[in-house]
1. Could you list, in sequence order, the residues of the stretch 57-86 that are within 11 Å of ligand 2 (Cβ to nearest atom) and surrounded by fewer than 24 Cβ atoms within 10 Å (Cβ to Cβ)?
2. Just give me the residues in the stretch 97-124 being free of Cβ contacts under 8 Å to residues at least 40 places away in the same chain, outside any loop (DSSP other than H, G, I, E, B) and either within 29 Å of the chain's Cα centre (by Cα) or surrounded by 15 or more Cβ atoms within 10 Å (Cβ to Cβ) (or both), in sequence order.
3. If we keep just the residues of the stretch 335-382 that are surrounded by fewer than 13 Cβ atoms within 10 Å (Cβ to Cβ) and over 23 Å from residue 183 (Cβ atoms), which is modelled with the lowest pLDDT?
4. So, in the stretch 8-46, of the ones that are farther than 28 Å from residue 115 by Cβ and without any contact (Cβ under 8 Å) to a residue 24 or more places away in the chain, which residue ends up surrounded by the most Cβ atoms within 10 Å (Cβ to Cβ)?
5. One residue is enough: does the stretch 71-81 have a residue meeting the conditions touching a residue at least 24 places away in the same chain (Cβ under 8 Å) and either within 15 Å of ligand 1 (Cβ to nearest atom) or under 27 Å from the mean Cα position of the chain (by Cα) (or both)?
6. Looking at (1) more than 8 Å from ligand 1 (Cβ to nearest atom); (2) in contact with a Phe, Trp or Tyr (Cβ under 8 Å, 6 or more places away or on another chain); (3) within 22 Å of residue 117 (Cα to Cα), can you tell me which one residue 58 breaks?
7. I need a count of the residues in the stretch 243-264 that are touching a residue at least 24 places away in the same chain (Cβ under 8 Å) and of a type in the set (Ser, Thr, Tyr).
8. Could you run through the stretch 188-203 and say how many residues are in a loop (DSSP other than H, G, I, E, B), closer than 26 Å to residue 235 by Cβ and not aromatic (Phe, Trp, Tyr)?
Amino acid sequence: MTAQSESQDVRFMQTALGLARRSLGRVWPNPAVGCVLTVPVTDSGPHRMIARGWTQPGGRPHAETQALQQAGSQARGATAYISLEPCAHQGETPPCSLALIEAGITRAVIACCDPDTRVAGQGLAMLRQAGIACVIDVEADDAQALNRGFFQRIDQGRPLVTLKMAASQDGRITDSRGSSQWISSDCARAWTHGLRARYDAVFIGSGVAVGDDPRLTCRLPGMAAYSPLRILLDSHLRTPPTARFFSEPAPFAPWLVTGDDVSAQRLTPYTQAGAEIIGCRRRSDHFLDLQAVMLELGRRGLTRILIEGGALATAFLEADLVDRVIWFSAPRLFGDQAQPSIASFCGDDLEGPGRFRRVAAWEIDSDICAVYVRRDHDRRARLDCLI
Ligand code: AOF
Ligand code: ZN
C-alpha cells in the first residue's frame, strides 16, 4: 500500500468517525457508527466521497444502510469506510455485511471489531468470503475511544461514566448562601448543553435536585430533541415530586433510582409525576450500592452517563466508577462556608498513579475546562473522541 492511499484511508476514516460522533447519545443500546463510500476519481487516482451515513436515533437504521441507500447503484465497485465492523446478524433489517456485499462494494476499511457476540469477527469473515478486500485497525484508537461506552457495557456490563464538575477556584460547588446554580459562565453552561446531547443520560443526586431544581435538558437552539434521558438517584426520596426534574417536557420519561425496599405507597406520587422507578439494593449504611445501580443501567442498555456534579461526585470517585472527568473552574472564591466540591474523600489525587491523566485544558470564556481520562484508557485517542 502506498503512503498516499494510507493517508487517504486515514482521512476518510476520520470523516466516518466525525459522522459517528453525530449519533453519540442518541443510539443506545447501539454503538454510534459512521460510514463513508468512495470511488476513484480516475481509474487509479485518489478517491472522492459519494455517500455518507451514520447510525440513526434509537440505533436503527445502521450507518451502512444509510450510506448504501444514498449511493444507490453507484456503490458498485466503491470502497466503504466504516468506524465499526459491519453487523452479521439479522435484526429488523438484513445484516450490513450482506448489504455491502450485495451492493457490490469491492474494498472495506474498518476501524475496529464489534465485540457484540452476534458480530465479533463474523461481519469481517462474511466480507472476506465474498472476496471483498478488507483492511482493519485504521484509526482504531479513536474508534475505541468514541464508542468506549458501548464496549464497556459489553465487557463490564456498565456504561461509561463521565463526571462533570463546576467549582470555584477554591473548589467550592455552592456559594456561602448555598446556591450553586451559576458558578460557571454562560459560555461554559452552553457548552455543557452540547455535552448533554452526546450522552445517553444525565445523572444527578437528590442534593442537586433539591438545591438547584435543574431541568437537565439540552436548550441549545433547535436541539431540544437531543435532550438525554434524565436519571435521579434518591435513596431516601428527598426530592419533591413537584420538582422540575419530573415536570420538564423532554423526549424521555425520567428515571428515579431508589432503594428496592421503598413502599409502593411512597412511590405513587413519583409514578403519577411520570417517573419510571428503578429499585436497587442498599449497602449496610443504607445508601444505594452504586456498582449495582450502574450494572442495572447497563442492563437497560445505557452506554454513556454524564453525572452532573454535586455530592455524588465523591461517592462515584470512591467507588472507582468514574471513567472521565470534565472539570470547570470559575475565577471565583467562595470561602470555607461554602460546600466543598469533594467531601471526605479518601482516594488519591485526580492525576495520581492508577487514576486519571489530564488530556486537555482550555479556556471557555472566564472559566478553565480540564478533561481527565482514566489512566489506562484511550492513550492515543484524539480529544474529539473523548468528549
Ligand atoms: C452496524 N452499523 O450503525 C451499528 C451497528 O439491534 P440491532 O439489530 O440494531 O443490532 C444492534 C447491534 O448492531 C449492536 O449491538 C452492534 O453490534 C451493531 N451496531 N452495526 O453494522 C451500525 N450501530
Ligand atoms: Zn448493521
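1. Within the stretch 57-86, 59, 60, 61, 65, 66 qualify.
2. Answer for the stretch 97-124, where residues must be free of Cβ contacts under 8 Å to residues at least 40 places away in the same chain, outside any loop (DSSP other than H, G, I, E, B) and either within 29 Å of the chain's Cα centre (by Cα) or surrounded by 15 or more Cβ atoms within 10 Å (Cβ to Cβ) (or both): 97, 98, 99, 100, 101, 103, 107, 108, 110, 122, 123, 124.
3. 346
4. By that ranking, first place goes to 40.
5. There is at least one residue in the stretch 71-81 that is touching a residue at least 24 places away in the same chain (Cβ under 8 Å) and either within 15 Å of ligand 1 (Cβ to nearest atom) or under 27 Å from the mean Cα position of the chain (by Cα) (or both).
6. (2)
7. Total meeting the criteria: 2.
8. Number satisfying all stated conditions: 1.
The values are calculated or read from the model by the stated rules, or taken from the named source; none is laboratory data. All figures in this text were calculated on a predicted structure; none of them were measured in a lab. We place every Cβ from the backbone using ideal geometry, glycine too, and count neighbours over all the protein chains shown.
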